[in-house]
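Engineer: First the structure, then my questions, so here it is.
The values are calculated or read from the model by the stated rules, or taken from the named source; none is laboratory data. Just so it is clear, the model here is predicted, and its values are computed rather than measured. Counting neighbours? That spans all protein chains shown, and the Cβs are built from the backbone with ideal geometry, glycine included. Side chains included, ligands, DNA and RNA excluded: accessible areas come from the protein's heavy atoms. Shrake-Rupley method; radii C 1.70, N 1.55, O 1.52, S 1.80 Å.
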Amino acid sequence: ALSLREATQRKLRRFSELRGKPVAAGEFWDIVAITAADEKQELAYKQQLSEKLKKKELPLGVQYHVFVDPAGAKIGNGGSTFCALRHLEKLYGDKWNYFTILLIHSGGYSQRLPNASALGKIFTALPFGNPIYQMLELKLAMYIDFPSHMNPGILVTCADDIELYSIGESEFIRFDKPGFTALAHPSSLTVGTTHGVFVLEPSNCLEYSDLEYRCCHRFLHKPSIERMCQFNAVCRPGNFSQQDLSGGDTASLKFESEYVYTDSLFYMDHKSAKKLLAFYEKIGTLNCEIDAYGDFLQALGPGATVEYTRNTSNVTKEESELVDMRQRIFHLLKGTSLNVVVLNNSKFYHIGTTEEYLCHFTSASSLKSELGLQSIAFSISPAVPECFGNTSCIIQSILDSRCSVSPGSVVEYSRLGPDVSVGENCIISGSSIITTAVLPAYSFVCSLSLKMNGHLKYSTMAFGVQDNLKRNVKTLSDIKSLQFFGVCFLSCLDIWNLKITEELFSGNKTCLSLWNARIFPVCTSLNDSVTTSIKMLNAVQSKSAFSLNNYKLLSIEEMLAYKDVEDMITYREQIFLEITLNRKEFDLETR
């Protein structure tokens with residue numbers, strides 16, 4: 001773990017030196033592109049990027065782009081990859097043949113980590129750095145060595161995962177082979193069932209090393225343990241003895257147990273990218289979800305077979321179109337090689353759910369020591385208490401010295417007054433609580449600025465961190481199976497004095513969920529908005545009535561449609577300036 005920490009800190013230092021400075025040719029990416037799901041998200045990403053460039057938080061002299069998916073059907077990250085290629089061709093013509101390009105998929109609505117919904121997963125704040133690092137800076141830092149050892153082509157990654165690795169001093173990861181090249185991390189078999197798993201060609205190398213270049217026979221997407229064994233994906237212990245792999249989603253593996261190699265990011269050379277683009281130009285529009293990992297990588301390697309194209313078990317809608325599209329992609333890519341860079345001393349972390357977010361930021365997670373995450377990051381805050389290795393985590397926030405935040409909770413971009421007490425395992429984001437407030441344990445509270453009919457308003461989503469916002473039912477009579485803060489949703493509506501009608505839900509009326517339930521009050525001030533939503537939560541917890549009848553109510557879906565990104569950025573900026581000033585004063589006093 002020490003070597004991993006040192007390697008990670010070196011990359012962070014190198015990136016830190018490039019922030020706000022023009023980069024030399026070949027030293028960094030030519031293009032960094034982020035995908036967005038819709039125009040609203042595209043605008044939010046563009047505003048945040050220009051803000052970062054203005055404040056010199058990113059390397060300069062690089063083309064930063066946001067590419068939006070076409071309106072209509074959801075097309076998945078594979079579809080977004082196609083669209084990004086088309087955008088690149090439009091913008092650069094033949095010039096992009098010579099570029100190294102980083103493509104970050106960030107087009108989801110982040111329903112499992114809704115404090116990232118309004119401003120995007122790739123802009124999730126991390127508890128270190130000054131100014132605070134967000135996922136974007138962390139990714140750029142972790143991939144800092146890639147561009148100078150890469151042939152022209154595209155590196156494809158997702159917005160909510162972190163890959164850490166350590167290799168020999170004089171070694172570099174090279175992306176210089178034709179076809180596709182993917183990184184592989186040793187993982188337990190259980191982790192393998194939720195990832196892509198590589199079946200490697202036998203290696204003639206007997207030596208163990210941190211970095212190995214291997215060929216992949218075939219790629220399995222989210223296979224059962226049975227399938228992993230059937231296709232010889234499982235590596236037996238005894239291959240390595242000295243290596244200790246702990247933490248990460250690649251759970252504590254001491255190589256005493258069987259393990260598999262799982263995927264994270266992949267690179268495709270320019271020729272493969274052109275091939276995909278030509279295919280996309282030919283089909284015109286996509287009407288189904290294509291997965292860049294499942295649908296591109298499963299077609300690669302000499303052992304690839306067409307059968308996976310018919311397996312639609314983890315697909316949202318069973319569509320004949322999907323099977324047809326997968327088969328066409330399979331035949332397009334079949335015979336293309338899949339090279340694998342095996343990183344034996346590496347970890348893969350995912351921060352896409354409230355549970356993962358709280359775990360990595362507040363418990364003694366290995367990620368915390370590897371990245372140097374702090375309990376109080378760029379904030380004005382009383383010292384945070386520790387309990388069983390758990391602390392709270394405060395990110396760019398201003399807390400009164402008399403307020404209390406229990407261990408296991410995260411507060412970001414917020415202001416908390418003296419009479420605020422936060423229970424354990426809560427998430428508070430973008431809020432301002434000046435009045436007396438008690439937040440029950442496991443509360444999730446996130447405030448948004450809204451632009452409604454030209455007026456600035458606020459609304460705060462509040463529920464339990466363990467609530468499933470994606471879970472949906474088809475009819476009003478089924479909403480009794482939805483749960484809000486661990487309580488039957490029907491009982492909650494009763495407590496809030498709300499009637500059960502079609503009007504209660506926004507959007508698609510055959511897909512009813514907490515995501516599109518109109519239950520969150522719209523207020524004229526940020527503080528009112530937060531306190532009202534906390535009252536909703538407390539009412540459910542204490543089973544005492546709190547009527548929402550007199551408020552205009554929105555669903556989270558609608559809040560995102562009305563969001564005022566500029567105002568939210570301004571609010572964060574005010575907190576930033578106040579903390580900076582406070583620090584300067586403190587430095588003067590202590591001289």
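Engineer: Looking at the range 21-36, which of the residues that are modelled with pLDDT of 95 or more and assigned to a loop (DSSP other than H, G, I, E, B) is surrounded by the most Cβ atoms within 10 Å (Cβ to Cβ)?
Structural biologist: The selected residue is 28.
Engineer: Report yes if some residue within the range 153-161 is of a type in the set (Val, Ile, Thr), in contact with a strand residue (DSSP E or B) (Cβ under 9 Å, 6 or more places away or on another chain) and either modelled with pLDDT under 95 or within 27 Å of residue 562 (Cβ to Cβ) (or both); otherwise report no.
Structural biologist: Looking for residues that are of a type in the set (Val, Ile, Thr), in contact with a strand residue (DSSP E or B) (Cβ under 9 Å, 6 or more places away or on another chain) and either modelled with pLDDT under 95 or within 27 Å of residue 562 (Cβ to Cβ) (or both), one finds none in the range 153-161, hence no.
Engineer: Identify, from the list 460, 436, the residue that is in the same structural domain as residue 514 (by the TED database), over 26 Å from the mean Cα position of the chain (by Cα) and not aliphatic (A, V, I, L, M).
Structural biologist: 436
Engineer: Something else: Name the residues in the range 111-159 that are among the polar types (S, T, N, Q) and open to solvent by 10 Å² or more (accessible area, probe 1.4 Å), would you?
Structural biologist: 111, 115, 124, 130, 134, 148, 151
Engineer: While we're on this one: Taking into account only those residues within the range 274-313 that are under 18 Å from residue 158 (Cβ atoms) and small (Gly, Ala, Ser), which is surrounded by the most Cβ atoms within 10 Å (Cβ to Cβ)?
Structural biologist: It comes out as 294.
Engineer: Restricting the first residue to the range 353-376 and requiring it to be at positive phi, which pairs with a second residue that is assigned to a helix (DSSP H, G or I) meet a Cβ separation below 9 Å and a spacing of at least six or different chains?
Structural biologist: Here the result reads 372/5; 372/8; 372/9; 372/12, each pair linking the range 353-376 to a residue that is assigned to a helix (DSSP H, G or I).
Engineer: For residue 214, all conditions in the list (1) surrounded by fewer than 20 Cβ atoms within 10 Å (Cβ to Cβ); (2) part of a loop (DSSP other than H, G, I, E, B) hold save one; what is the number of the exception?
Structural biologist: All conditions are met except number (2).
Engineer: Let me spell it out: the conditions are (1) in contact with an Asp or Glu (Cβ under 9 Å, 6 or more places away or on another chain); (2) surrounded by fewer than 18 Cβ atoms within 10 Å (Cβ to Cβ); (3) of a type in the set (S, T, N, Q), and residue 97 meets all of them except one. Which number is the exception?
Structural biologist: Of the numbered conditions (1) in contact with an Asp or Glu (Cβ under 9 Å, 6 or more places away or on another chain); (2) surrounded by fewer than 18 Cβ atoms within 10 Å (Cβ to Cβ); (3) of a type in the set (S, T, N, Q), the odd one out for residue 97 is (1).
Engineer: Residue 89: within 20 Å of the chain's Cα centre (by Cα), surrounded by fewer than 20 Cβ atoms within 10 Å (Cβ to Cβ) and of a type in the set (Asp, Glu), yes or no?
Structural biologist: no
Engineer: Right, another one. Given the conditions (1) crowded, with 18+ Cβ neighbours inside 10 Å; (2) touching a residue at least 24 places away in the same chain (Cβ under 8 Å), report the number of the one that residue 468 does not fulfil.
Structural biologist: (1)
Engineer: Further, regarding this structure: So if I check each of 552, 563, which one is of a type outside the set (A, V, I, L, M, F, W, C), surrounded by 12 or more Cβ atoms within 10 Å (Cβ to Cβ), over 30 Å from residue 480 (Cβ atoms) and touching a strand residue (DSSP E or B) at 6+ places or on another chain (Cβ under 9 Å)?
Structural biologist: Residue meeting the stated conditions: 563.
Engineer: Same structure again: Mind checking which pairs have a first residue in the range 536-557 that is under 24 Å from residue 502 (Cβ atoms) and of a type in the set (S, T, N, Q) and a second that is open to solvent by 50 Å² or more (accessible area, probe 1.4 Å) and modelled with pLDDT of 95 or more, Cβ under 8 Å, 6 or more apart or different chains?
Structural biologist: Sorted first by the residue in the range 536-557, then by its partner, the pairs are 547/497; 549/497; 555/518.
Engineer: Further, regarding this structure: Just name the residue that is nearest to residue 35 (Cα to Cα) out of those in the range 113-131 that are in contact with a Phe, Trp or Tyr (Cβ under 9 Å, 6 or more places away or on another chain), hydrophobic (A, V, I, L, M, F, W, C) and part of a loop (DSSP other than H, G, I, E, B).
Structural biologist: Among them, the one singled out is 119.
Engineer: Sticking with this structure for a sec: If a residue must be open to solvent by 60 Å² or more (accessible area, probe 1.4 Å) and touching a strand residue (DSSP E or B) at 6+ places or on another chain (Cβ under 9 Å), how many such residues does the range 437-461 contain?
Structural biologist: The number of residues fulfilling the criteria is 4.
Engineer: Follow-up. Pick out the one residue from 8, 100, 35, 81 that is polar (S, T, N, Q) and in contact with a His (Cβ under 6 Å, 6 or more places away or on another chain).
Structural biologist: Step by step, each of 8, 100, 35, 81 is checked, and only 35 is polar (S, T, N, Q) and in contact with a His (Cβ under 6 Å, 6 or more places away or on another chain).
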